[in-house]
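Worksheet: one structure, shown below.
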Amino acid sequence: MKKTAVSEYGFINAKLRARISSMLTDEFKTALIGADGIEAAVQVLSSYGYSKASEKWNTTGDIQSLEFELFKNHIANYSMVMKNTDGSLNGLINVLSIKPEIENIKSVLRLWYGSKLRHSPINYRSAYIIRERIRENIDWNELINAVSYEDIISVFSSTIYSEIFNNEAVIDTGDSLFNVEILLDKLYYRMVIEESYKLKKNDNDTLNEIISTEIDLQNVSWIIRYRHFYKMDTSKLSSILIPGGHGLNIELMDNISKEEGAGFAPMEILKKSYPELSSLNISNKHNFSAQARLFEQLLDETRKRKFTTILTGYPFTIGVVLAYFFISERELRFISSVINGKNYKFSSDTIKEMIR
Amino acid sequence: MKAKKEFKRKVVLSIVFLVALMGIFSFIGTDNLYADETQEVVETGSANLKWGLIAASIAFGFGALGAGIAIANVGSAAMGAIGEKPEIASQALIFVALAEGVVVFGFITALMILGKV
């Protein structure tokens, strides 16, 4: 019997909506930012459902342990949603859970890279690595303790990441982990797009809209960073951009840049998809950095608005699930920023200004 | 997944069995009713009675089925929300009760039909 949207999303979306309604509330934000010092802020966390993280801080007094607990909490969100779904929705959540796994892989590889190639001590940092299974069957201890690149290949041999690590050139021993990190991100987006075809049309459209904006945001951020600040050459930049999104590509950008009186090329391309970007004028070379940041912020705001629209619209779609992960990630980022601000003894006003 | 499929199969089987049983008993029951009537009543009244009983059972049966489907959806959503926010239990139960109302309408309709036959 084929499931209807109501029976597929009734339980999980009601559950997630109930959670969303108590996430990142003004009351929570005010209480956390207004807390008098880090102890008080951790106390606030405890009363808003983060008792494990707060307990961790109370026993260790270590802010990274607290952040580690928050990250674990984030991973637990994926498991919870997966347990309560089935069919194509479950398959998609399974693919979405690659994201935190990739974050963990990046952290481990950075440690490995620092330890093996730069001979930096890793004992302290390795305590903040998730060692439980997230999605793929990865032996995290073996990965951290890998002696050679062959050991890394063998750790990933039976996982979806094998195609990346089998190519030895991905870890540039003289440079950084840049290549491998880009490939991991690309793999994630490719898998999400592939999985989206298995969804119903309505869900597929919603997911594509959200993922396209996310890809645009990621690509714009890389273009700003690598082209305008690090002067990366066109072919290299072209190869790192994530396929998908709303047609951002380097050749088109180059053609636009050659035109008389043309503005910031990525914005010229994306203006068709995001009309609200038209109000921004990034041509002032002197204040490029601030304008580019504003451009990123505007795209991020657009994404936020899309989720707000989803949450106020038809409730039986995948949008609510995606909104939940988005808000949950945002909440963790918010907590982390405020707690760090409190740790550096910044005033409430400064913190408020910084996270705005 | 396998357990879920097995559960689904059992539910479908029990519904089919129940419907079949209801059908058999209703026909046996109506036959007995005809037996007590005189020949003339059988000719005129039995047709009314037969269709009246079928109409009443359809009204009640579909009402109950509709309520079942509605409660399954509303109830699961309510449970999901209550699990996260127990304070909304009373509000959520109102919606479950609204779905339950569908079977009451079916029941009343069935009674009204039975009153006419």
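Here are the criteria: (1) more than 14 Å from every other protein chain (Cβ to nearest Cβ); (2) surrounded by fewer than 20 Cβ atoms within 10 Å (Cβ to Cβ). Tell me which single one A:ALA41 does not satisfy.
(2)
Among A:ASN167, A:ASN104, A:ASN137, which is the only one that is closer than 22 Å to A:GLN218 by Cα and of a type in the set (S, T, N, Q)?
The conditions single out A:ASN104.
Within the stretch A:217-227, identify whether any single residue is open to solvent by 70 Å² or more (accessible area, probe 1.4 Å) and farther than 26 Å from A:VAL321 by Cα, and answer yes or no.
yes
Would you please name the residue that is farthest from the other protein chains (Cβ to nearest Cβ), looking only at residues in the stretch B:56-84 that are β-branched (Val, Ile, Thr) and more than 21 Å from B:LEU111 (Cβ to Cβ)?
Only one residue tops the list, namely B:ILE71.
Starting from the stretch A:93-115, take each residue that is assigned to a helix (DSSP H, G or I) and list its partners that are of a type in the set (Gly, Ala, Ser), counting only C-beta distances under 7 angstrom and pairs at least six apart or across chains.
Close Cβ pairs satisfying both conditions: A:LEU111/A:SER126; A:TRP112/A:ALA146; A:GLY114/A:SER120.
What is the number of the single condition among (1) within 14 Å of chain B (Cβ to nearest Cβ); (2) open to solvent by 30 Å² or more (accessible area, probe 1.4 Å) that A:THR59 does not meet?
Among (1) within 14 Å of chain B (Cβ to nearest Cβ); (2) open to solvent by 30 Å² or more (accessible area, probe 1.4 Å), A:THR59 violates only (1).
If you go through the stretch A:212-239 one residue at a time, how many are closer than 13 Å to A:SER273 by Cβ and aliphatic (A, V, I, L, M)?
Adding up the residues that qualify gives 3.
Please state which of the following conditions A:GLU69 fails to meet, knowing it meets all the rest: (1) outside the structural domain of A:LEU187 (by TED's automatic domain parsing); (2) without any contact (Cβ under 8 Å) to a residue 60 or more places away in the chain; (3) on the phi > 0 side of the Ramachandran plot.
Answer for A:GLU69: the failing condition is (3).
For the stretch A:84-115, enumerate the residues that are within 15 Å of A:PHE325 (Cβ to Cβ) and within 14 Å of another protein chain (Cβ to nearest Cβ).
Once the filter is applied, which keeps residues that are within 15 Å of A:PHE325 (Cβ to Cβ) and within 14 Å of another protein chain (Cβ to nearest Cβ), the stretch A:84-115 yields A:ASN84, A:THR85, A:LEU89, A:ASN90, A:ASN94.
The values are calculated or read from the model by the stated rules, or taken from the named source; none is laboratory data. Here the structure is a predicted model, which means the values were calculated and not measured. Because the Cβ atoms are built from the backbone with ideal geometry, glycine has one as well, and the counts that use them run over all protein chains shown. Note: accessible area is taken over every heavy atom of the protein model, side chains too, but ligands, DNA and RNA are not part of it. Shrake-Rupley method; radii C 1.70, N 1.55, O 1.52, S 1.80 Å.
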